[in-house]
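Since every read-out is calculated from the coordinates, none of them should be taken as a lab result. In this text, all values refer to a predicted model and were calculated from it rather than measured experimentally. Don't worry about glycine lacking a Cβ; one is built from the backbone with ideal geometry, like all the others, and counts go over all protein chains shown.
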Amino acid sequence: MDMFDEIYRKALQGLNEYLEANNMRKTAERQEVLSAICRLGGIFTQVDLADFMERESQFCVSRSTLFHTLDTFVAARILLKHALGRAASYELLTSKVPRAYLVCQTCGEIRRLERPELIKYLGTVRARLFSVRQPILYLNGECKKCAQRARKAKKTSL
Ligand SMILES: [Zn+2]
């Protein structure tokens with residue numbers, strides 16, 4: 001079994017459990033969208049996914065179906081929704097491993113921050129009167145591209 005199969009199998013299992021628990025139908029559209037998400041990988045917007053499916057998938061899913069399907073996946077907790085930038089971004093959620101992200105406040109880009117010591121610490125954080133379900137940390141700032149653009153703009157205005 002390759003990496004894609006393993007990720008898809010795990011996500012599909014999570015989705016099917018949710019659909020069964022909520023008396024919802026297992027549709028071919030939902031499976032196809034999930035498969036596309038697994039193949040696309042990483043952090044993506046609805047537009048990224050729609051473009052990818054138009055290119056790579058034989059299945060034609062309308063934008064509104066896609067939108068509702070993503071909502072279902074978020075509710076099923078197999079998809080993480082980052083509602084931070086101008087457009088929401090999504091990411092497959094196949095494990096409860098803590099995650100940290102860098103968020104550019106200028107262009108809205110979101111990147112994973114891979115810092116083993118921080119990820120390990122995040123996993124140990126407990127709060128009073130609150131149960132942490134999925135440890136996620138967002139660090140706001142400015143990406144390199146936006147910082148360079150701002151520096152250039154400053155220079156030309158002098
Ligand atoms: Zn930026």
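Summary of computed values
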item	result
Folded to 0 to 90 degrees: helix 3-21 orientation relative to the chain principal axis, Cα	60
Span from the region 100-114 Cα centroid across to the region 32-66 one, whole angstrom	22
Gain on full stretching of the segment that runs from Cys107 to Arg149 - 0.36 nm per residue minus C-alpha separation	14.0 nm
Cα-based helix-to-principal-axis angle, 28-40 vs the chain, degrees rounded to 10	40
Modelled label reach - Arg86, point 7 Å along Cα→Cβ, region 26-50 residues with backbone N closer than 16 Å	45-48
For the chain, with +1 on Lys and Arg beta carbons and -1 on Asp and Glu, the positive-most of Ser89, Phe130, Ser57 along the dipole	Phe130
The chain: angle of helix 63-75 to the longest principal axis, Cα-based, in degrees nearest 10	90
Debye, to nearest 20: dipole size of region 99-157, +1 on Lys, Arg Cβ, -1 on Asp, Glu Cβ	220
Label point distance in nm, Ala75-Ser62, each placed 7 Å from Cα along Cα→Cβ	1.8
Residues with amide H under 5 Å from that of Leu93, placed H, sequence gap 5 or more	Leu79, Leu80
Highest-MSF residue in the chain out of Glu117, Glu29, Glu20 [GNM, Cα springs under 10 Å]	Glu117
